[in-house]
1. Return the total of residues in the range 291-338 being more than 16 Å from the ligand (Cβ to nearest atom) and part of a loop (DSSP other than H, G, I, E, B).
2. Got a sec? Which of 234, 270 is away from the ligand (no atom under 16 Å from the Cβ), in contact (Cβ under 8 Å) with a residue 60 or more places away in the chain, farther than 17 Å from residue 326 by Cα and among the charged types (D, E, K, R)?
3. Restricting the first residue to the range 128-140 and requiring it to be farther than 12 Å from residue 315 by Cα, which pairs with a second residue that is open to solvent by 20 Å² or more (accessible area, probe 1.4 Å) and near the ligand (Cβ under 10 Å from one of its atoms) meet a Cβ separation below 7 Å and a spacing of at least six or different chains?
4. Test residue 83 against the stated conditions and say whether it is over 15 Å from residue 327 (Cβ atoms), aliphatic (A, V, I, L, M) and in contact (Cβ under 8 Å) with a residue 12 or more places away in the chain.
5. I'm checking my understanding of the structure. Among residues of the range 414-465 that are assigned to a loop (DSSP other than H, G, I, E, B), among the acidic types (Asp, Glu) and open to solvent by 40 Å² or more (accessible area, probe 1.4 Å), which one is farthest from residue 170 (Cα to Cα)?
6. Looking at 441, 410, 448, which is the one that is at pLDDT 95 or above, β-branched (Val, Ile, Thr) and over 20 Å from the mean Cα position of the chain (by Cα)?
7. How do the pairs read when you match residues in the range 372-393 that are among the basic types (Lys, Arg) with residues anywhere that are open to solvent by less than 40 Å² (accessible area, probe 1.4 Å), using Cβ under 8 Å and keeping only pairs 6 or more apart or on different chains?
8. Could you grab me the full set of residues in the range 210-231 that are open to solvent by 20 Å² or more (accessible area, probe 1.4 Å) and either in contact (Cβ under 8 Å) with a residue 60 or more places away in the chain or farther than 16 Å from residue 256 by Cβ (or both)?
Amino acid sequence: MASRSPDPDFPARGSTAAGSGPVRDEQAAWQRRSIAQVWHPCTQMQRMQAVPPLPIARGEGPWLYDYAGGRYFDANSSWWVNLFGHADARINAALREQLDTLPHVMLAGCTHAPAVELAERLSALTGGVLGHAFFASDGASAVEIALKMSFHCWRNRGRGSKREFVCVRHGYHGETLGALAVTDVTVFRDAYAPLLLQAHIVASPDARQAGPGETAAGVAERALEEVRALFEARHEHIAAFIVEPLVQCAAGMAMHDPAYLRGLRALCDRYDVHLIADEIAVGCGRSGSFFAFEQAAGEGQAPLWPDFICLSKGISGGYLPLSLVLSRDETYAAFLDDEVARGFLHSHSYTGNALACRAALAVLDRFEQEDVLVRNRASAEALTAALAPLVGDPRIEHLRRRGMIWAFDVCEEWAGERFAERFHLAGRRNELLIRPIGRTVYLMPPYVLDDELSVWLAARVRATLDGVLADVLAEGTSTRSSDAAGASDPATA
Ligand SMILES: Cc1ncc(COP(=O)(O)O)c(C=O)c1O
């Protein structure tokens, strides 16, 4: 791996078209060609001229390099997937070996060692409770699978009336129609609302809503009361509750007390409702434990598990699309029958792709061999300490952390217009690839932080903040933000 420390000799460029002469031309050419032919995700393409895509030539560790010699610290792990930095030597080696052996074979009627070993190792991480892995590719497809599996499981058990789903206010579960039906982010959902299944949306346990003297656990209790009332009225019709455990990431890193998960587990048990933990963003150590749901049980209590865990993003280390749904024996058993149609007939062509599974095994190897969770605890402390000067800064509120996620909200009166976009562009000039969600600035760095890098990162975040807010102040636009937290800005989510 390349040096993880900032290189003092490296020119601090980071503009959208840094360098000069041929290199700048190359940078600009990739931007031009991309805008002409690539329809970028999560983007209002009309803004592309003002915010051209950043052409990345290569990656090494937490750094991304453009064609003009500029470098950028990948502060959001490339949409939360890149756990151990880019072009990691060990994952590369594992993939090369797999590439020469078996890149892919269909998983219907065939099997292969990487899929089997991955299913076994993930099952073991749940103490065998969630012993069956169903593979897919992206996060949204895992959510589709969990929803379908839940409904079909009830149907096979003679309870076909259980066909409704419950999700959490401002929750995000992906963009395909089924996943979008349980997503409550206006900017992604509203255009497609006529196409979507109707889901129940219950209050978020977001701890930022605490009233004076109220604790995060108190907010969780309030939110649970609404779930209880809904279950009481509709449990005969409700198949599953889907939740992002501990952090609703796309909502703007809305964090909640683990008591919420404990309460949900109890209510789902009491009213016979499946509990789906969407750990696509918060799994794989991001929340501080390998699975976020591990934190549901109180001190000294027996472990609690959901009925389904959806994993994706970090599981393949930011290399290849891979997702999966872990489920319990009793769910699996509900599909066993002589009748074909009672089986779970869902499939995708690249289900259980051998290369992706091999990357995931290399990721799990690192967790085992390097005690990543313990190491992260130490590096999280260093970054938290480096961010401490932000505590009490009147321009921001709700500075918070869970595991390897840090976030704060810029106060509405300071943020000005298009805050997220401006911060992102200013970040580039400070060697950061960083994309706020609305007024929420967050860090989800790869798990390669050391003390020096933490100090550097915090300083660059503060410099970016200071620069943007000073500009906003100078322009006199710091009145109302057009991209309020909780409503993701498609240009910068
Ligand atoms: C919690 C959660 N669920 C589902 C998804 C969808 O995953 P994908 O973008 O891979 O389809 C995301 C993506 O950000 C997510 O954060």
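1. 17
2. 234
3. Going by the 7 Å Cβ cut-off, the qualifying pairs are 140/175; 140/176.
4. The answer is yes for residue 83.
5. Selected residue: 450.
6. Among 441, 410, 448, only 410 is at pLDDT 95 or above, β-branched (Val, Ile, Thr) and over 20 Å from the mean Cα position of the chain (by Cα).
7. Every condition considered, the pairs that remain are 375/447; 377/288.
8. 212, 213, 228, 229, 230 - these are the residues of the range 210-231 that are open to solvent by 20 Å² or more (accessible area, probe 1.4 Å) and either in contact (Cβ under 8 Å) with a residue 60 or more places away in the chain or farther than 16 Å from residue 256 by Cβ (or both).
The values are calculated or read from the model by the stated rules, or taken from the named source; none is laboratory data. Nothing here was measured: the structure is a model prediction, and the numbers come from that model. Note that we place each Cβ from the backbone using ideal geometry, even for glycine, and neighbour counts take in every protein chain shown. The area values use the complete protein model at the heavy-atom level, side chains included, leaving out ligands, DNA and RNA. Shrake-Rupley method; radii C 1.70, N 1.55, O 1.52, S 1.80 Å.
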